[in-house]
Amino acid sequence: MQRIISPSLLAADFGNIQSACEMINRSEADWLHIDVMDGVFVPNISFGFPIMEAVKRYCTKPMDVHIMITQPEKYVQRFAKFGADTLTFHYEATDQAADIINLIRKEGMHPGIAINPDIPVSVLEKHIGQVDLVLLMSVFAGYGGQQFIEESYDRLAELTEMVKRINPQCRIEVDGGINKHNAGRLFELGADVLVAGSSVFKAEQPLVAIHELLTA
Ligand code: DX5
Ligand code: ZN
């Protein structure tokens with residue numbers, strides 16, 4: 001499958017969202033990652049619909065929306081309305097994962113399911129056949145700028161085997177602490193989409209940083 005870089009807006013300068021979006025438009029990144037946090041599911045609050053609205057105005061690339069919120073089912077329709085292309089919720093946030101996946105698809109978005117580093121990869125087995133994307137967190141959801149957890153390599157290998165066996169069309173996304181030093185190994189182990197916040201938006205030359213991740 002094609003390699004995709006999805007820079008996380010969380011690390012951008014919010015005083016200048018337009019220029020962040022224009023950089024993404026000019027770049028080799030195929031998606032833009034949008035981290036929505038509610039202060040309940042994770043101990044941090046990021047941003048919500050008004051920012052998505054601004055992004056939609058300026059960004060020509062698909063919005064890859066990662067929701068770290070409780071009761072995700074309540075907001076699925078609004079994420080569709082605000083232009084999400086892929087909507088990824090956390091397995092740990094609900095006991096209605098199958099229904100939420102169906103709802104996301106019904107609303108015209110690609111459904112994705114995410115797990116934190118302390119959740120066994122095996123819990124995804126029963127959902128992989130239904131989703132278009134699985135997101136493996138390589139840090140604990142909540143903050144940008146954290147250090148990549150090394151155990152993620154073995155978890156990714158396990159997930160890759162499962163996805164190949166059950167639903168080879170499903171994309172595997174890895175999120176957290178990704179930079180040019182670990183990106184190559186993650187792609188080799190089966191990642192299709194790499195999220196990168198700090199290593200793109202805090203770089204002196206974000207366009208070069210994106211290229212380096214893609215070719216790592
Ligand atoms: C963490 C978010 C990540 C984060 C990545 O909860 O889901 O997408 O923004 O940021 P970096 O690349 O800085 O770890
Ligand atoms: Zn994310």
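For this structure, a couple of remarks:
- Of 172, 166, all but one fail to be under 20 Å from residue 122 (Cβ atoms) and surrounded by fewer than 17 Cβ atoms within 10 Å (Cβ to Cβ); the exception is 166.
- Criterion applied to 52, 68 was being free of Cβ contacts under 8 Å to residues at least 40 places away in the same chain, within 16 Å of ligand 1 (Cβ to nearest atom) and open to solvent by less than 50 Å² (accessible area, probe 1.4 Å), and the one residue passing it is 52.
- Residues considered: 146, 130. Of these, the only one that is within 16 Å of ligand 2 (Cβ to nearest atom) and of a type in the set (S, T, N, Q) is 146.
- Selection from the range 149-188 of residues that are β-branched (Val, Ile, Thr) and within 16 Å of ligand 2 (Cβ to nearest atom): 149, 172, 174, 178
- Check on residue 123, within 16 Å of ligand 1 (Cβ to nearest atom) and of a type outside the set (D, E, K, R): no
- Scanning the range 134-156 for residues that are part of a loop (DSSP other than H, G, I, E, B) and either surrounded by fewer than 20 Cβ atoms within 10 Å (Cβ to Cβ) or of a type in the set (Asp, Glu) (or both) yields 139, 140, 142, 143, 145, 146, 147, 148, 149, 150, 151.
- Complete set of residues in the range 161-209 that are of a type in the set (A, V, I, L, M) and away from ligand 1 (no atom under 16 Å from the Cβ): 162, 163, 166, 189, 207, 208
The values are calculated or read from the model by the stated rules, or taken from the named source; none is laboratory data. Everything numeric here is computed off the predicted structure, so don't read it as measured data. Cβ coordinates were reconstructed from backbone atoms using ideal geometry, including for glycine residues, and neighbour counts include every protein chain displayed. Surface accessibility is based on the protein's heavy atoms, side chains included, excluding ligands, DNA and RNA. Shrake-Rupley method; radii C 1.70, N 1.55, O 1.52, S 1.80 Å.
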